[in-house]
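First comes the structure, then the notes that go with it.
The values are calculated or read from the model by the stated rules, or taken from the named source; none is laboratory data. Keep in mind the model is a prediction, meaning the values are calculated, not measured. Here the Cβ is made from the backbone with ideal geometry for all residues, glycine too, and neighbour counts use every protein chain on show. Just the protein is used for accessible areas: all its heavy atoms, side chains included, with ligands, DNA and RNA removed. Shrake-Rupley method; radii C 1.70, N 1.55, O 1.52, S 1.80 Å.
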Amino acid sequence: MRVLVIGSGGREHALAWKIAQSKLADKVFCAPGNAGIAQNAECIDIPADDITRLLDFVKSEKIDFTIVGPEAPLDKGIVDEFNKYGLNIFGPVKEAARLEASKAFAKELMRESGVPTADFKIFDDAERAIAYLENQKYPLVIKADGLAAGKGVVIAENKEQAKETVHSIMKDKIFGHAGNRVIIEDCLIGEEASILVFTDSRQIIPLASSQDHKRVFDADKGPNTGGMGAYSPAPIVTKAVFAEVLEKIIQRIIQGLARRGVIYKGVLYAGVMLTQDGPKALEFNVRFGDPETQAILPRLKTDLLEVMLATANAKLSRYKNLDWDSRSCVCVVVASGGYPGDYQKGKVINGLDEAGKMKDIAVFHAGTKKEQDKIVTSGGRVLGVSGLGDNIKQAIEKTYQAVEKIDFEGMHYRKDIGYRAVR
Ligand code: AMP
Ligand code: GLY
């Protein structure tokens, strides 16, 4: 079978790496890919959201199955477009992708479907939102409605900060159209976890639990990023917690969509806060997490391509569960100088081979490209180094040994990935 993976991050590298190992895969392509993905797939120079060119490529190259990594093409309706031509593709249709593309849509559906989540109000008028802030308890959480590359959420510590935030989102439009509406919601307290499932709308097959580290610096200090590291499993997600998330959050939202006539097929990611009153949904993503995927997939023993095909073809009922390596996996993200602000590019990366050769280590590329015979940095998050260990402590040790073999000017990474699991 000929497979196309769409995207260019660490998540897509982990997907392409795993899919290339499938007995069903004869040839794997990736659009646009990166320097690391090129080791597992043939990279094609088409941007991830250029649906017309992707469609042409799939038709002319006789691709049997397309897998969408990032949210942008899903939100643009790539799955609907492929469906029109009877092409087999993994991911939800546009209407279902609104779960991630519009936080207001997601929150309203959560309320309607009985999904536990923070109390909220939605505003499409800046003056009204600002007036509402007058008599609230702080901290409060303010969210831009639309896609904002993971930066559209602010936890406002006081009224002044809240007003400034609403002003910059709704009036200065720092996130463009994404800020036409804001959600103002209660601040939840607890530990976060990521629960991902495959679903064809009837069947739900969970992936292993994981936890992400969003802040840039150790001890969860500094601004939010796309994610600086992850580990799987997350010990805080006990069997009972997992079951509760599946029943009250995942199942209810999928049924809520179905009641509106929307069939969700693909991977569904619930970001949850484990509060004293039980798990509450923070957000839904309609794709794999990045970097959670780089910590989850090295543990997966089931054929990934097979289960993704079953998802897309509504045949998930043939699975009861997926098969997992019982070891722990840790992924440490290595970032460019300046990230998550303006970052440097074009720095030569050394030590990749040496790290990649280590047993139970995989070096996933995110922002890299090849220049002559060298691999250089080209993005904010440059690499995700993943390592397996018999327990979380050993996985952490192993992974950092690999990270230390890598070096480029300005490189930085968190030194405490997995600390919650160790504690
Ligand atoms: P979201 O994109 O909605 O998941 O928000 C990004 C991050 O903001 C989450 O991972 C949380 O760390 C934080 N966050 C979002 N909503 C809340 C909330 N209601 N209470 C506390 N933290 C939140
Ligand atoms: N790691 C968070 C995300 O993928 O949205």
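Round to a whole angstrom and tell me the spacing of the C-alpha centers of region 382-408 and region 113-156.
37
Let me check something: with ligands and nucleic acids excluded, how do ILE174, ILE51, ILE142 order by accessible area (1.4 Å probe), largest to smallest?
ILE174, ILE51, ILE142
Grab the DSSP H runs of the chain that are 4 residues or longer, score each as -39,500 (n - 2.57), total them, divide by all residues and round the 222 nm result to the nearest 500 deg cm²/dmol.
After summing the helix terms and dividing by residue count, I get -7500 deg cm²/dmol.
Taking Cα pairs under 8 Å and at least six residues apart, what relative contact order does the chain come out at, in percent?
It rounds to 17 percent for the chain.
Go ahead and set up a Gaussian network model of the chain, Cα springs under 10 Å, then flag whichever of ALA14, ALA149, ALA230 fluctuates most.
ALA149
Can you find, among GLY289, TRP324, LEU140, the residue sitting farthest towards the positive end of the charge dipole of the chain, where Lys and Arg contribute +1 and Asp and Glu -1 at Cβ?
So the residue furthest toward the plus end is TRP324.
Can you give me the % of accessible surface on the chain that is carbon or sulfur? Probe 1.4 Å, all protein chains present, nothing else counted.
46
If I take every Cα pair under 8 Å that is 6 or more residues apart in region 60-160, average their sequence separation and divide by the length, what percent do I get for the relative contact order?
That works out to 19 percent.
Using a 10 Å cut-off on Cβ atoms, rank the peptides 152-161, 304-313 from the highest mean neighbour count down.
Ranking the peptides 152-161, 304-313 by packing returns 304-313, 152-161.
With a cut-off of 8 Å between alpha carbons and a minimum separation of six or more residues, what is the relative contact order of region 170-228 in percent?
Dividing the mean separation by the residue count of region 170-228 yields 19 percent.
Rounded to the nearest whole Å², what accessible area per residue is found for the chain with the 1.4 Å probe?
I get 42 Å² per residue for the chain.
Any idea what Rg and Dmax come out to for region 319-397 if you just take the C-alpha atoms, in Å?
Expressed in Å, the Cα Rg and Dmax of region 319-397 come to 15.2, 48.
If packing is taken as the average number of other Cβ atoms within 10 Å across a peptide's residues, how do 211-222, 288-299, 58-69 rank, most packed first?
Averaged packing, sorted descending, gives the order 288-299, 58-69, 211-222.
Using unit Cβ charges (K, R positive; D, E negative) and no other charged atoms, how large, in debye to the nearest 20, is the dipole of region 105-157 about its Cα centre?
Once rounded to the nearest 20, the dipole reads 200 debye.
Using +1 at the Cβ of each Lys and Arg and -1 at the Cβ of each Asp and Glu in region 4-77, identify which of CYS43, GLY7, LEU24 lies farthest towards the dipole's positive end.
Final value for the positive-end residue is LEU24.
Please work out how much accessible surface GLU371 shows to a 1.4 Å probe, ignoring ligands, DNA and RNA, in Å² rounded to 10.
80
Placing +1 at every Lys and Arg Cβ and -1 at every Asp and Glu Cβ, with all other atoms neutral, what dipole size does region 283-346 have around its Cα centre, in debye to the nearest 20?
It comes to approximately 240 debye.
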